[in-house]
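The values are calculated or read from the model by the stated rules, or taken from the named source; none is laboratory data. Worth saying up front: this structure is predicted, and the values here are computed from it rather than measured. Note: ideal-geometry Cβ built from the backbone for every residue, glycine included; neighbour counts use all protein chains shown.
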Amino acid sequence: MRLERRHRTSPLALVLAPVGAVAFTLVVSALLVLWAGAPVGRTYALLLQGGFGSVFAWSETLTRAIPLILTGLAATVAFKARLFNIGAEGQLYAGALAAIAVGGMHGGTGFALSPWLLFPLMMLAAAVAGALLLLGPALMKNRLGVDEVVTTLLINFIVLLAVSAMLDGPMKDPTAMGWPQSVALQGDLELGKLIPQTRVHTGLVWAVSLAVMVWAIFKYTVLGFDIRAVGANARGAAFAGVPVTRTVVMVALLSGALAGLAGAIEVAGRTSYVTLDMSPGYGYTGIVIAMLAGLHPLGVIAAGVFVAGVLVGADSMSRAVGVPTYIADVIVAASLIAVLVATLLTQYRVRRA
Amino acid sequence: MGREPPSPPSPKGGRCKTFMTQTVLRLQGITKRFGALVANDAISLELQAGEVLALLGENGAGKSTLMSILFGHYTADEGRIEAFGQALPPGNPKAALAAGIGMVHQHFTLADNLSVLDNVMMGTEPLWQPFSRRSAARARLLEVSQRFGLPVQSEAKIGELSVGERQRVEILKALYRGARILILDEPTAVLTPQESEALFDTLAQMVAQGLSIIFISHKLGEVLRVSQRVAVLRGGKLVAQARAADTTQAELALWMVGHAVEKTARRPARSVGDAVCVLDHVRTTGSGHDRLDGVTLTLRAGEIVAIAGVSGNGQVALAELLSGTRRAVAGSVQLMGRALPPSPARLVPRGVARIPEDRHAVGVIGDLPVWENAVSERLRSPAFSRWTPLGLRWVRRAAARAYAARVEKAYDVRGAGLSSPARSLSGGNMQKLILGRALMAPESANGQRKPPRLIVAHQPTWGLDIGAVAYVQQQLIAARDAGAAVLVISDDLDEVLALGDRVAVMHGGHLGEPRPATAWTREAIGLAMAGTEPS
């Protein structure tokens, strides 16, 4: 068996690749469901119902999709330029911490500024925190050839430890009875509810707007051309006059800022505090979402909602049939591998030797 | 293939003269498709013991595919291969090696930091053998090198050898493994004329010893010089076979291209104008010989200066310097009286048209559409983008696509349209796109086009078919006649002599004095390429 490059890739194959990958993943995951002793059909039906079967299910799925779309966008921007940012998790926490630093109830009240001023400051601080966190690895890659996968991944652990130190130190919530959580966000900085009686907040508007913004940058701006050119062929881009270093810096700032905003929007829209478990790996799941979307910013919205639905649906399914919720993680992780193989197969054909 | 195959020869007996007519290799009806493209269409070929068979064809004619099938890198869709009377299992390079087929690739597969002996032995010893049997291997290498007249120093590091010597090591590597059929892929592409002659002598010696050689080339002269028989491929088909003694260059060219070809006729520069670009004792960054080491050169309007040289002697540095992708560390570079800006984005608006050596890796961004590649050099100009209040430049897509369409039309770029990826263009069409965008400035507000002032063309016709070669060369000559200063850097001596009004030779990062093309002989250029200054 060997792989031969296809001369052209059909557009249909590009659409079918993620669909086929997800279908393949569900078949593989079915084996685990059987192993857990549950009926496959009922399990998947419950999973689907739990994620998309009611207004409540949809509201929970959309709530979960908000940080996933944002981290998915962070991965999309970076991966498009071949800057492999694995650090969205750390950037998310840094953004969340920055949001509390600006908008938290320090000393019981926080900064006495108008929310009209404080809210933009809070968002800006979160974006800057995430952006600066990725700037170092990007420059080290560009100038010194240091592998950004290693540096961004390791920084995640540093950030988590730093968050832990803050939650036990300067930002500790004095009313939490020793529980490691930060002071709360000022109430008037919290995002409004999009649908009453649910947890869906206006962060969804932020996420979708940012997806459209990234799409427009990719498609209509010189920066978007630069990002795509550097990712596709850095030497060719440099020859054509693309400022490669400046483009990498812009990509790092944009990608890190998106992940940082994910943290701030989680705090302002859902948790109100920073805790050490506020993100169950949103940063890493964002990579899966970006790949499922084929690095298309608008596709990230759909992929984010789908993955969120699987994660949410797994919770209620687990309660009903006793298959551990980890099946959702297996599905998400396996779908990443499947989509990578499927993408490969859209570009290459397998020949028997 | 109705004939009875001749009695199976023993591979050991190839040394005596009686085997001269024995078939050592037989390809029968080899067909290979890539999607809709038929790379090889029912090709049947035979190779006799003790002969050099030249395989002639343009790029894309199917030579490489056929040899890849023979060597087991690809599997044929149809057909079979026999070596020394035994069927060769498809898709198995090890079996090809064991059957005595050796391949010398155009791009060497040697480790620079290891010795000649290490490179020759590499892969011939089993992994679990505790000690390497170097002295036995050295004795065998010596024996092979003496028998075929290929002297080498077995302990020299590859990195210290010249290109000709490295090629000798590649050939020895194949012979050391017992190759009785040697495939040489464009072996003279990297050699000076003198080194090529030495190679031809070596090949003569090898066939006299009973070896058989397949010599792949697209240079007609050397094919007739070196081979006994010529097979011509065109469009995946074997279109002709002839004895070298019975054919002519003109006939071979006709078979190769399918129609009569006129060579670009030399047209001397009409009027040479002022200096456009002046290099004064320029040194650049770079390692080894891939840098400029004190180069002085004046390029004048209306004149083509052609640079010859064995690749890797500083040509890349010179081309990159004038393309804005490499810096000078000493000396000065002036463009129309002002310092040359060190970035492509500022060079292009000053009238510098650039044609890079590697059109796939540097000239285009293959995954992006044709129209974006057409405007990529000028995307930052007001013609194709404008500032928005957000601080981002917004692309004027309509203007960009219109310009791309004009380039496509004016330079006859044929492909699947402006929105298809540039990667899908054939080599010739890709080069026309690069040529077109470089030479054709967009119209300014008053409807005028600024013609390029300086053209830097590095290997502008490398790998193109003869028709595209003529087109590119004619465009460069036309640009010269329109008043541009043209610098052509090429490994192809024929091209240098056909295009250059003045010719200079690069060696070891130095550039010789440019002299009128008519003042040079091929021998003199060859000597200069090898580092001997002409007196």
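Things to note:
- Qualifying positions in the range B:204-238 - out of contact with any Leu (no Cβ under 8 Å at 6 or more places or on another chain) and aliphatic (A, V, I, L, M): B:A204, B:V207, B:A208
- Single residue of the range B:173-201 satisfying the filter (within 10 Å of B:G102 (Cα to Cα) and aliphatic (A, V, I, L, M)) that is nearest to the chain's Cα centre (by Cα): B:L184
- Number of positions in the range A:183-200 that are buried (at least 22 other Cβ atoms within 10 Å of the Cβ) and out of contact with any strand residue (DSSP E or B) (no Cβ under 8 Å at 6 or more places or on another chain): 1
- Only one of B:G210, B:G123, B:G164 that is closer than 27 Å to B:A244 by Cα and modelled with pLDDT under 85: B:G164
- Within the range B:384-404, residues that are more than 10 Å from chain A (Cβ to nearest Cβ) sit with their Cβ atoms under 6 Å from residues that are in a loop (DSSP other than H, G, I, E, B) and of a type in the set (A, V, I, L, M), at 6+ positions apart or across chains, in these pairs: B:A404/B:L418.
- No other residue among B:E165, B:E143 is among the acidic types (D, E) and under 23 Å from the mean Cα position of the chain (by Cα) apart from B:E165.
- Flag for A:A293 being at pLDDT below 95 and surrounded by 24 or more Cβ atoms within 10 Å (Cβ to Cβ): yes
- B:R423 closer than 20 Å to B:I355 by Cβ, within 14 Å of chain A (Cβ to nearest Cβ) and either in a helix (DSSP H, G or I) or among the acidic types (D, E) (or both): yes
- Number of the condition not met by B:W387 [criteria: (1) modelled with pLDDT of 95 or more; (2) not assigned by TED's automatic domain parsing to the domain that holds B:D481]: (1)
- Scanning the range A:118-128 turns up no residue that is modelled with pLDDT under 90 and assigned to a helix (DSSP H, G or I).
- Checking B:V486, B:V505, B:V496 one by one, the residue that is of a type in the set (V, I, T), in contact with a strand residue (DSSP E or B) (Cβ under 9 Å, 6 or more places away or on another chain), more than 30 Å from B:R380 (Cα to Cα) and part of a strand (DSSP E or B) is B:V505 and no other.
- In the range A:201-242, residue farthest from the other protein chains (Cβ to nearest Cβ) [restricted to those that are surrounded by fewer than 21 Cβ atoms within 10 Å (Cβ to Cβ) and outside any helix (DSSP H, G or I)]: A:T202
- The range B:508-535, subset part of a strand (DSSP E or B) and either among the β-branched types (V, I, T) or touching a residue at least 24 places away in the same chain (Cβ under 8 Å) (or both), residue surrounded by the most Cβ atoms within 10 Å (Cβ to Cβ): B:L511
- For the range A:47-67, the count of residues that are within 28 Å of A:T151 (Cβ to Cβ) and either modelled with pLDDT of 95 or more or surrounded by fewer than 24 Cβ atoms within 10 Å (Cβ to Cβ) (or both) is at least one.
- Selection from the range B:145-169 of residues that are of a type in the set (V, I, T) and either out of contact with any helix residue (DSSP H, G or I) (no Cβ under 9 Å at 6 or more places or on another chain) or outside any loop (DSSP other than H, G, I, E, B) (or both): B:I158, B:V163, B:V169
- Residue selected from the range B:89-110 under the condition over 25 Å from the mean Cα position of the chain (by Cα) and more than 14 Å from chain A (Cβ to nearest Cβ), by the criterion surrounded by the most Cβ atoms within 10 Å (Cβ to Cβ): B:A99
- Sole exception among (1) touching a Gly at 6+ places or on another chain (Cβ under 9 Å); (2) farther than 22 Å from A:I66 by Cα; (3) at pLDDT 90 or above for A:R199, by number: (2)
- Extreme residue, farthest from B:L279 (Cα to Cα), among residues of the range B:321-338 that are more than 9 Å from every other protein chain (Cβ to nearest Cβ) and either aromatic (F, W, Y) or within 25 Å of the chain's Cα centre (by Cα) (or both): B:R326
- Condition met for A:F111 (within 18 Å of the chain's Cα centre (by Cα) and over 11 Å from A:A257 (Cα atoms)): no
- Taking the range B:63-74 as the range and being within 12 Å of chain A (Cβ to nearest Cβ) and touching a helix residue (DSSP H, G or I) at 6+ places or on another chain (Cβ under 7 Å) as the test, the residues that pass are B:G72, B:H73, B:Y74.
- Test: residue in the range B:111-120 that is outside any loop (DSSP other than H, G, I, E, B), of a type in the set (D, E) and under 26 Å from the mean Cα position of the chain (by Cα): no
- Conditions (1) within 12 Å of chain A (Cβ to nearest Cβ); (2) within 28 Å of A:S10 (Cα to Cα); (3) surrounded by fewer than 20 Cβ atoms within 10 Å (Cβ to Cβ): number failed by B:P341: (2)
- The one condition in (1) within 12 Å of chain A (Cβ to nearest Cβ); (2) under 21 Å from A:F239 (Cα atoms); (3) in contact (Cβ under 8 Å) with a residue 40 or more places away in the chain that B:G415 fails to fulfil: (2)
- Screening the candidates A:A101, A:A131 for the property of being in contact (Cβ under 8 Å) with a residue 24 or more places away in the chain and under 18 Å from A:L253 (Cβ atoms) yields one hit, A:A131.
- Qualifying residue in the range A:77-98 (condition: in contact with a Gly (Cβ under 6 Å, 6 or more places away or on another chain) and surrounded by fewer than 24 Cβ atoms within 10 Å (Cβ to Cβ)): yes
- Residue check, B:D465 of a type in the set (D, E) and not assigned by TED's automatic domain parsing to the domain that holds B:V370: yes
- Residues that are part of a loop (DSSP other than H, G, I, E, B) and buried (at least 16 other Cβ atoms within 10 Å of the Cβ) within the range B:190-227 comprise B:L191, B:T192, B:G210, B:L211, B:H218, B:K219, B:S227, listed in sequence order.
- Residue match in the range A:175-182 (condition: of a type in the set (S, T, Y), surrounded by 24 or more Cβ atoms within 10 Å (Cβ to Cβ) and more than 14 Å from chain B (Cβ to nearest Cβ)): yes
- The range B:348-370, subset more than 8 Å from chain A (Cβ to nearest Cβ) and buried (at least 21 other Cβ atoms within 10 Å of the Cβ), residue nearest to B:V413 (Cα to Cα): B:V370
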